[in-house]
1. Using mean Cβ contacts within 10 Å as the protection proxy, how do 56-65, 72-81, 10-19 order, highest first?
2. Out of every Cα pair in the chain, what percent are spaced more than 27 Å from each other?
3. When only alpha-carbon atoms are used, what values of Rg and Dmax, in angstrom, describe segment 1-50?
4. Would you calculate a helix-derived [θ] at 222 nm for the chain, using -39,500 (n - 2.57) for each DSSP H run of n ≥ 4 and dividing by the full residue count, to the nearest 500?
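Just so it is clear, none of the values below were taken in a lab; they were calculated from the coordinates. From a predicted model like this one, the values you see are computed outputs, not experimental measurements. In this analysis, Cβ positions are derived from the backbone assuming ideal geometry, glycine residues included, and neighbour counts consider all displayed protein chains.
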Amino acid sequence: MDDKVRVDKWMWAVRIFKTRSMAADACKKGKVCINDVTIKPSREVKLNEKIDIRVPPIIRSYRVKAISGKRMSAKLAVDFVEDITAQDQLDLLNATKNFGFEQRQRGTGRPTKQERRLIDKLKKG
């Protein structure tokens, strides 16, 4: 474990972001806050800090449990970060997830002409 790690590197290491550049861009765009203050990617992260990340339409919250600058597997990442996102935010995410879109089984592909006509018929009444 490290003593001092940049916040963009830590968010990448614990798998909040896919790449370090995505984490840095989120900080630069003002989407990452620590203690309600917008931060730069170079800010060092400290133990037990609360990090808020704005991911429209919600704000995800994380608590720093341990510090590391090395990328780790998802199984190990749970020892370094705690997801403390409020339940009402998660409910809002689930409510907007399926709004206005058709749901199909993964791998079934696009609907055929016959299936499309059936879908249109069901939508209209």
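1. Top of the packing list down: 10-19, 56-65, 72-81.
2. It works out to 36 percent of all Cα pairs.
3. 10.0, 29
4. -9500 deg cm²/dmol
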